[in-house]
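The values are calculated or read from the model by the stated rules, or taken from the named source; none is laboratory data. Since this is a predicted model, take the numbers as computed values, not measurements. So basically every Cβ, Gly included, is an ideal-geometry build from the backbone, and we count neighbours across all protein chains shown. Protein only, heavy atoms only, side chains kept; ligands, DNA and RNA dropped before computing areas. Shrake-Rupley method; radii C 1.70, N 1.55, O 1.52, S 1.80 Å.
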Amino acid sequence: MHDSIPYGRHEIDDEDVAAVVDVLRGDWLTTGPAVEGFEHSFSELVGAEHAVAVNNGTAALHLAMLAARVGPGDEVIVPTFTFAASANAARYVGATVVFCDVRPDTLGIDVEQAARLVSQRTKAVVVVDYAGIPCELDAIMELAEKHGLVVIEDACHAIGATYRGRRIGSVAHLSTFSFHPVKHLTTGEGGMVTTADAELNRRLRRLRNHGIDSDFRQRESAGTWEYDVIELGFNFRMSDINAALGASQVRKVSGWVERRRELASQYQDLLRNLPLTMLVEPGHVRASWHLFPVMLNQRGATNQRAEVFASLRAAGVGVNVHYRPLHLHTAFRTDGAEQRFPVAEAAYGRLLSLPMWHGLSDAEQARVVNELARSLVVGGTSRAV
Ligand SMILES: *Cc1c(COP(=O)(O)O)cnc(C)c1O
């Protein structure tokens, strides 16, 4: 029996450990220089004017909604095919979520459908770079321009990706990232919001710190105790412990993205003759492959995906399914009107995320491919491969 191959995982080296230990022995455990340093190196990585560190990717989305002044009575268009946090953030601020379907080739938002969903009340649109493939940002920014909408890009899968040569994190009005251990780089828990807008930057910083006009370190250096709570804010701060880990990881992430791209291209080659469909990386983007999802070709009425999933898990291959569309979840079901999003629903019925992370070896990848081929043949769905 082999060790299990995880679908994704983090890597911490001695340098990362030393960076965290330094902070633990120092004066600042939070709101200190390590947070500032991490914000600086992350903004350089993604080409953003401003980067604001927070305590997780969900807080980053929540903060983006607050900074964009999305609130009760507003509608926010969100693709149904995403993680719950992309839509929850709109609900935290009292807005109404309007779900949108995705396009079949990339499973990114269907911009034409989004255009038809815009109403008088639409305030923002959330777009998700599923698996690390940037969505159609030119068309989205144009739509936003036309209707005065704020674009919040949930870029949790897309660290290191580019769209027409522009780095993800520098294109939308607000972009959000997560540093959960399964993402491209980790801080344990953590997140970031990036923006080019100085006013949004100021609001993000204030709102992550209770709505206060200054932070402790600024008051220390100004020699004052005085502060003003300007508006209702939250404690979404990242600690210096987490930030030190993030800053150390940022130095390595470009190489990790390269390895993910190499693994993706090897998968595309190795899986070419199997009865499944892979996502398309459009020529004008550079995907960063947080996930490597495949869609099994249809076979009658039986749930082939369940069989293949069970067989791969039994063989120690850590497959997963991203995502069950949000409109199918209990918490998002609307009263009365049943909503249908055929592309997301069809994809969900066929999807499997294969192991994808920078530490996956070629030998492990070959094992994943062999087990997948075997389980498809056993299921009677494939000609011999
Ligand atoms: C991981 C993720 C989030 C949430 O990030 P957390 O840091 O876990 O809160 C939000 N959206 C997407 C698409 C994600 O993958």
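The table below lists the values:
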quantity	calculated
Rounded accessible area per residue of segment 20-85, 1.4 Å, Å²	38 Å²
Net charge of neighbours whose Cβ lies under 15 Å from the Cβ of residue 318, counting Lys and Arg as +1 and Asp and Glu as -1	0
Fully extended contour minus Cα-Cα distance, from residue 15 to residue 272, at 0.36 nm per residue	88.6 nm
Candidate lysines for bridging to residue 252, where Cα separation is under 30 Å - those fewer than 8 sequence places away on the same chain excluded	183
Chymotrypsin sites (Phe, Trp or Tyr not before Pro) within segment 200-252: DSSP coil, no more than 15 neighbouring Cβ in 10 Å	225, 227
Among 195, 186, 330: highest mean-square fluctuation, GNM of the chain, C-alpha pairs under 10 Å	330
Carbon/sulfur fraction of accessible area - the chain, other protein chains in place, 1.4 Å, %	50 percent
Percent antiparallel among DSSP beta bridges (both partners in segment 20-136, rounded to 5)	10 percent
DSSP H segments from the chain that extend 18 Å or more along their own axis, Cα-based, with Kyte-Doolittle mean of -1.0 or above	33-46, 240-270, 362-378
Percent antiparallel among DSSP beta bridges (both partners in the chain, rounded to 5)	60 percent
Accessible area per residue in Å² at 1.4 Å probe, computed on segment 220-278	54 Å²
Choice from 297, 55, 242 showing the highest fluctuation, given a GNM over the chain with Cα pairs closer than 10 Å	297
Antiparallel bridge percentage (DSSP; both residues within segment 70-138; nearest 5)	10 percent
DSSP loop GluC sites (Glu not before Pro) with at most 16 other Cβ within 10 Å excluded, longest remaining stretch of the chain	50-225
Scattering curve values for the chain, log₁₀ I(q)/I(0), Debye with Cα scatterers, q = 0.13 Å⁻¹	-1.08
GNM top mover of 222, 306, 114 - the chain, alpha-carbon springs below 10 Å	222
